[in-house]
Structures are given as C-alpha cells and as structure tokens.
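First up is the structure itself, then whatever we jot down about it.
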Amino acid sequence: MTAASETADAVVIGAGVIGAAVALELARGGRSVVVVDRGPGVGTGSTSASSAIIRFSYSTRDAILAAWEAGAMWRDWAGHLGAVDPDGMCRFIGTGNLILRTVGYDGSAMLELWRELGIPFDDLDADQLAERFPWLDTGKYYPPKPIDDPAFADEASERLTAIFQPASGFIDDPSLAAKNLAFAARRHGARFRIRSEVTAVLRDGEVAAGVRLADGSTISAPVVVNAAGPHSSHINRIAGVVDDMNISNRALRQEVFTAPAPAGASLEEGGPLVADLDVGQYFRPQPGGTLLIGGTEPECDPLHWVDDPDANSPHPTVEVWETYMTRLARRIPDFGMPTQPTGIAALYDVTDDWVPIYDRSNLHGFFLACGTSGNQFKNAPIAGQFVRAIVDATMSGHDHDADPVQFRGALTGHTIDLGAFSRRREPAVTSGTVMG
Ligand SMILES: Cc1cc2nc3c(=O)[nH]c(=O)nc-3n(C[C@H](O)[C@H](O)[C@H](O)COP(=O)(O)OP(=O)(O)OC[C@H]3O[C@@H](n4cnc5c(N)ncnc54)[C@H](O)[C@@H]3O)c2cc1C
C-alpha cells in the first residue's frame, strides 16, 4: 500500500521557536503551511533549553537592529501574535543587562551603533559600577582560566568598568513562546505534525518539491524551510545544498546550571542579566530566587562539537559545573557553592561566525533558517519575518543572492540588509562566541 501524501504551499522542518515563527509569518502571508517535527511537541528541541535572554549586545549593525526590533515584539507579545493563547502566554521579564568591559570586549563599536539607533544605556565607571552593584567583585581577572590553573587565584589586576542596558531581560518560558507562535500560526491555518521525522527532501530537478517522512508518506510543497535546529546541517546534507554554502553550521554541546542567587543578585532584588567575558560566562536571575549560569566559550575551555545530535547526553558534567560555580564565586564573593549540580546539557547550532543563516539555497524553493548559534531565541519573531521576505522575493523571481532583500524594521524604520545572514557571506567580524 502506498503511504498517504498531502500537499501544501510550504513545509517547515522543525517546530522550535524558529520554525514556529516562520510558520506564523508564511501562514500570515496566505500560504498553506505544514510544520513537521520529529519530537514529542512544539518547542521541545533546543528551544526548551534556552536561557531565553533578550539583549541587544551584538557586533554588527544588522544583528543589533534585528534584536532591537524583535525586543519590541516580545514586549507586546499579544500584539505580535494578534491573539492571546488560551493555554497561557510567555512573559518578558525586564532585568537590564550589565556588560562588564574587558580585553577584547570593550563595547566601543557597539555603543556607537546603540547611539545611532537610540538604544539607551548607562556608561558606568569603576566607582559607579561598585556603588550600583555592591554584591559584585568588580576586579579584572582577564584572561579567563581553568579553575585548576594556579593563576586562577591571582589578585585582580585592575578594576572593571561596565555598560548597563535597561531594556534587556528574558522570556520566562521559551517552550511556551514556541507554543504561542504555533497557536497563532494555527489561527492562520498552519498544521503541525508532531512525531513525524523528515527523512528526505524531495526535488524535481533543481527545484524543491516537498519532503518524505519516516513513515513513507510525503508532503508535496514548492517551499521547504529547514528550521531543524541542531539537526539542520544534516537536513542541508540530505537536501544536497551544502557545497554551495560558504558558511557551515554544526552542533556544539552547551551546559547551563541553576544555583541559589546570592543577596542582591536575585530577580526579586532587581538583579540584572550579567555578561562577564572577563571570567568567561553569563548569568541571569530567574523567578524563585535562583540564577541561571552559562558559558561564553573562553579560549581556555574546550569546545565539544557533536557530530550526531541524537548521541548528545542531556546530563551536565561535574567538571563544567565546578568550573562555572567557581568562576561565579570569583565574581560574587557571597555566592554559596551548591552541594550538587542542577542543570542541563543541550546543543547550539553554531556557524563559523556565530551569525545565523536566514537565506535561500541553490535548490530553488529550499530555504535555510538555521545556524542560530546559541543567540537567536530573541530574534525568532523577526527571523520569521526575514524568512517570509526572502521566500516571497525568491518565489516571485527575485535573485536574493545578487540583490539581497532589504527589510524595513517596523519599530525604527531602519533597513536590515538580509544579505548579512547569507549562506554565501564572508564570515562576519564578531566576538566569535555566543555573544554574536
Ligand atoms: C542552552 C542554550 C541556551 C540558549 N540561550 C539563549 C539565550 O539566552 N538567548 C537567545 O537569544 N538564544 C539562546 N539560545 C539559542 C536559542 O535558544 C536557539 O537559537 C533557538 O531556540 C533555536 O530554535 P530552533 O527552532 O532553530 O531549534 P530547535 O528548538 O532545536 O527546533 C528544531 C526542531 O527540529 C526538529 N527536527 C530536527 N530534525 C528533524 C527532522 N529530520 N524531521 C522533523 N523535525 C526535525 C527537532 O525535533 C526540533 O524540535 C540558547 C540555546 C541553548 C541550547
């Protein structure tokens, strides 16, 4: 018996926050959309592990603009969705973002762009930093070191200065954010097929024709979008589009821990999100009096690239936990080391320059929404709009490679050059870390 098949205007592979956002925008544009996910539900992939931080501290103009525009969407979530999800809405929680300046991360180029774009910030000298955040040790310990390096215990060489950005924060439930986007997409007719794995991208010559699923059924569609997160490089391979890409993407293991928040640092006491590249990590408060602590890939820490995303253990390691906790104790002297690890190990989908790929491909009708590099949760709502703009242009005959689509931000009116996210770009000059 031949397995059943269906047709649609577009298939989105992956129902994470990116795929759900793409589905919403394609459906809003009048396309019939089917979203396919091999997992047990919407937003259950790497999105579910996200620290969900909303910040604007990127290295390039297009990345800063994208995050600033998307930030307004999170703050008016019901307005962005055009509805209130009866199953609950995720919330933006404002904390502000404290960025400690250190070697290689002084923020000067970024601040120039923030000034131009009207993104507010306070420039804090060493005294102001110490006065405003008395619970922080504001010493400079650069470069980040392994905790068993004898130099780890060295005294601070000087005092840090910082930047405080007040409009930053986080989303309290990243999976719910994806579910909210899926709810809004369904209102525009999108269908979600869960526990359905794409095993082949169908083509008709040099044109995408849909996907085949593990049960043998097919979905025929002239548009296929790869939003498969850490599995997206595999999907690109089976679609046969990798040779045409100048930027590659692959999965990187990442551990994130929670620990009790010391006095001053909790959400309830106004603790901010802190980017601390001086010791090589970030932390943010979360409801319930705890901190979430993650790494920023300092040079001294090995990177754990993962060839088979399905083989990644979700369990964090004691070694990484000890490192993060010890570094945190260095920055917050009152931090009491917990007695055992609480955390997760998930995967980033990292590109060569830590900038995502939102683009067409050399298979006409096959689009890329991948390489989100541990920093695109915050951009998901606008990424959906980027992909729709590229799909619309490409499917009506525009050559996005030769003449990149220019996207006008609704908030600022500024133009974002979508060529910045091209698969064929020369790697952008960025921090070379999750900070982008
Ligand atoms: C630990 C961690 C912390 C992070 N912190 C932040 C942060 O603070 N701020 C920020 O902006 N970003 C952050 N990020 C990044 C952000 O969360 C991701 O960029 C984003 O969630 C990626 O969404 P996605 O939809 O592309 O991927 P996913 O959520 O992984 O979704 C991909 C989906 O594709 C499905 N899939 C895969 N293969 C197939 C197939 N063959 N067939 C069908 N379905 C398939 C999977 O089941 C999955 O559900 C973080 C990421 C991690 C892992």
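The values are calculated or read from the model by the stated rules, or taken from the named source; none is laboratory data. Remember, predicted model here, so these are calculated numbers, not experimental data. With ideal geometry, Cβ positions are generated from the backbone for all residues, glycine too; neighbour counts draw on all protein chains shown.
Residues in the stretch 283-290: is at least one more than 30 Å from G39 (Cβ to Cβ) and either free of Cβ contacts under 8 Å to residues at least 40 places away in the same chain or buried (at least 19 other Cβ atoms within 10 Å of the Cβ) (or both)?
First, the residues of the stretch 283-290 that are more than 30 Å from G39 (Cβ to Cβ): 289.
With the extra rule that they be either free of Cβ contacts under 8 Å to residues at least 40 places away in the same chain or buried (at least 19 other Cβ atoms within 10 Å of the Cβ) (or both), the set shrinks to 289.
Yes, the stretch 283-290 contains at least one residue that is more than 30 Å from G39 (Cβ to Cβ) and either free of Cβ contacts under 8 Å to residues at least 40 places away in the same chain or buried (at least 19 other Cβ atoms within 10 Å of the Cβ) (or both).
Conditions tested, residue by residue: (1) hydroxyl-bearing (S, T, Y); (2) more than 16 Å from the ligand (Cβ to nearest atom).
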| position | (1), (2) |
| --- | --- |
| T326 | yes, yes |
| F335 | no, yes |
| D359 | no, no |
| H364 | no, yes |
| T372 | yes, no |
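Which members of the stretch 408-436 meet the condition of being without any contact (Cβ under 8 Å) to a residue 24 or more places away in the chain and of a type outside the set (V, I, T)? If you could, list the steps in order and put the result at the bottom.
Taking the stretch 408-436 first, the residues without any contact (Cβ under 8 Å) to a residue 24 or more places away in the chain are 408, 413, 415, 419.
Those that are without any contact (Cβ under 8 Å) to a residue 24 or more places away in the chain and of a type outside the set (V, I, T): R408, G413, G419.
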| task | Would you check if V306 is within 14 Å of the ligand (Cβ to nearest atom) and on the phi < 0 side of the Ramachandran plot? | result | yes
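Which count do you get for residues in the stretch 299-311 that are in a loop (DSSP other than H, G, I, E, B) and in contact with a Lys or Arg (Cβ under 6 Å, 6 or more places away or on another chain)? Walk me through how you get there before you give the answer.
Of the stretch 299-311, the ones in a loop (DSSP other than H, G, I, E, B) are 299-304, 307-308.
When the remaining residues are screened for being in contact with a Lys or Arg (Cβ under 6 Å, 6 or more places away or on another chain), the result is 300, 304.
Within the stretch 299-311, residues that are in a loop (DSSP other than H, G, I, E, B) and in contact with a Lys or Arg (Cβ under 6 Å, 6 or more places away or on another chain) number 2.
Among the residues of the stretch 23-40, which ones are more than 8 Å from the ligand (Cβ to nearest atom) and either outside the structural domain of V225 (by TED's automatic domain parsing) or under 19 Å from the mean Cα position of the chain (by Cα) (or both)? Explain how you work it out, then say what you get.
First, the residues of the stretch 23-40 that are more than 8 Å from the ligand (Cβ to nearest atom): 23-35, 40.
Within the stretch 23-40, A23, L24, E25 qualify.
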| Since R55 meets every condition but one in (1) farther than 28 Å from G29 by Cβ; (2) outside the structural domain of Q281 (by TED's automatic domain parsing); (3) free of Cβ contacts under 8 Å to residues at least 60 places away in the same chain, which condition does it not meet? | (3)
| Residue identified as more than 15 Å from the ligand (Cβ to nearest atom) and either closer than 27 Å to P230 by Cα or surrounded by fewer than 22 Cβ atoms within 10 Å (Cβ to Cβ) (or both) among A20, A10, A3 | A3
| Just checking, which of A346, A410, A420 is of a type in the set (G, A, S), touching a strand residue (DSSP E or B) at 6+ places or on another chain (Cβ under 8 Å) and closer than 22 Å to A67 by Cβ? | A346
| query | Would a scan of the stretch 377-392 turn up a residue that is in a loop (DSSP other than H, G, I, E, B), surrounded by fewer than 24 Cβ atoms within 10 Å (Cβ to Cβ) and outside the structural domain of D276 (by TED's automatic domain parsing)? | reply | no
